[in-house]
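Input: a single structure, listed below in structure tokens.
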Amino acid sequence: MPDASLRDVRAFWEGHPVAATSVAHEPGSPEFFEEYDRLREVNEPVDFSYRLHEFRDFVGKRVLDIGCGNGYVLSRFAREGAHATGIDLTKAAVDLSRRRFELMELSGQFVVGSAEELPFPTESFDAVTSMGVLHHTPDTSGAVAEVRRVLKPGGRLIVMFYHRNSAVYRRLQLRSRLRRRPLQELVNEVDGVGNPKGDVYSRAELRALLAGFTDVECSVGLLQGLPIKGRRFPPQSVLRPFESRWGWFLYAKGRKPAAAR
């Protein structure tokens, strides 16, 4: 497959905002956000999200969410007292994030822009988060370098990438062989037909990508059964003990070195 361009990635996500097809309500409506939040919290319970993102640790501090989507994560930082900034490659996502903040009566700043060239001063954020976004941009390593640049020394990194050593990836490998389709194309289509880029990482690969950060910790989550007649089988309760090994989401947390290398 040809390499994806930033224009290709922007065009896809502009036309396919996160959850716009899986939530049966008008994007931007109160019902849309309520249903999205309910679905998300089935996969990422609220207590898990608070442990992962450390929302309460950034009261009065500056937090950047790269690929802010519809503002779910960033709104939690803002609600706990952080100075919230969101950036997304698409206007559709920025508009949704702004709308969520309006409905929740929260304060935040939002910018349409690329993770590969962040329009922020060096060392301007106490934390940068990016959930399932940086593996979609054409120059992922360049985007990671930009994250490091805008973080203050000692600043917190919280990211999620897709997991190579997962049940999802194993199923895609099998489907690729059976259907004689390129594996990368099937990986891309996890986020919708026509998605131009969606890379996967092992723990070792992600640690190598984040070599410029210290105290990097990786963990794995989200293991879902196959969709059968509107339900997933096996149920989540059966799969939960295995998701730390075979889950689709590979989380990483770290810090920018206090004395930049």
Exercise. Leu106 versus Arg149, label points 7 Å from Cα toward the beta carbon: distance in nm?
Worked result: 2.7
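Taking 0.36 nm per intervening residue step and subtracting the Cα-Cα distance, what contour gain separates Glu26 from Asp3 on full extension? The partial results should precede the final answer.
Numbers: separation 23, 0.36 × 23 = 8.28 nm, distance 3.32 nm.
Full-extension gain reported as 5.0 nm.
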Exercise. Taking the Cα centre of the stretch 177-261 as origin and charging only Cβ (+1 Lys, Arg; -1 Asp, Glu), how large is the dipole, in debye to the nearest 20?
Worked result: 200
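Let me have the relative contact order for the chain, percent, based on Cα pairs under 8 Å that are six or more residues apart. Could the numbers behind the result be given before it?
Numbers: 482 pairs, mean separation 44.3, N = 261.
That works out to 17 percent.
From the P(r) of the stretch 1-47, could you give the percentage of C-alpha pairs in the tail past 12 Å?
On the way: 731 of 1081 pairs.
Distances greater than 12 Å cover 68 percent of the Cα pairs.
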For this session: Calculate for the chain the 222 nm mean residue ellipticity that helices alone would give, adding -39,500 (n - 2.57) per DSSP H run of length 4 or more and normalising by residue count, nearest 500 deg cm²/dmol.
Result: -10500 deg cm²/dmol
For this session: Determine the distance separating the Cα centre of the stretch 51-82 from the Cα centre of the stretch 160-239; give it in Å without decimals.
Result: 25
Exercise. What does the highest-first list of 97-109, 136-148, 166-178 look like by mean Cβ count within 10 Å?
Worked result: 136-148, 97-109, 166-178
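With N set to the residue count of the stretch 182-261, report its C-alpha Rg divided by 2.2 N^0.38 Å to two decimal places.
Ratio of Rg to 2.2 N^0.38 Å for the stretch 182-261: 1.40.
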Exercise. How do Cys218, Cys68 line up, fewest other C-beta atoms within 10 Å first?
Worked result: Cys218, Cys68
Exercise. Based on the alpha-carbon gyration tensor of the stretch 73-160 and its eigenvalue square roots a ≥ b ≥ c, which shape applies: rounded if a/c is under 1.5, prolate if not and a/b is larger than b/c, or oblate?
Worked result: oblate
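Roughly speaking, what is the stretch gain from Arg181 to Asp199, that is 0.36 nm per residue apart minus the C-alpha to C-alpha distance, in nm to one decimal? All intermediate terms of the calculation are to be shown ahead of the outcome.
Values: separation 18, 0.36 × 18 = 6.48 nm, distance 1.64 nm.
Gain on stretching Arg181 to Asp199: 4.8 nm.
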Exercise. Share of antiparallel DSSP beta bridges in the chain, in percent to the nearest 5?
Worked result: 45
Problem set entry | Cα radius of gyration and Dmax for the stretch 1-126 (Å) | 14.8, 45
Exercise. Roughly speaking, what % of Cα-Cα pairs in the chain are separated by over 26 Å, rounded to a whole number?
Worked result: 40
Problem set entry | In nm, spacing of pseudo-spin labels at Arg170 and Asp139 (7 Å Cα→C-beta vector) | 3.7
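A short reminder: the numbers here are calculations on the coordinates, not readings from a lab. If you're wondering where the values come from, they're calculated on a predicted model, not measured in any experiment. When we count neighbours, we look across all protein chains shown, and the Cβ atoms used for this are built from the backbone with ideal geometry, even at glycine.
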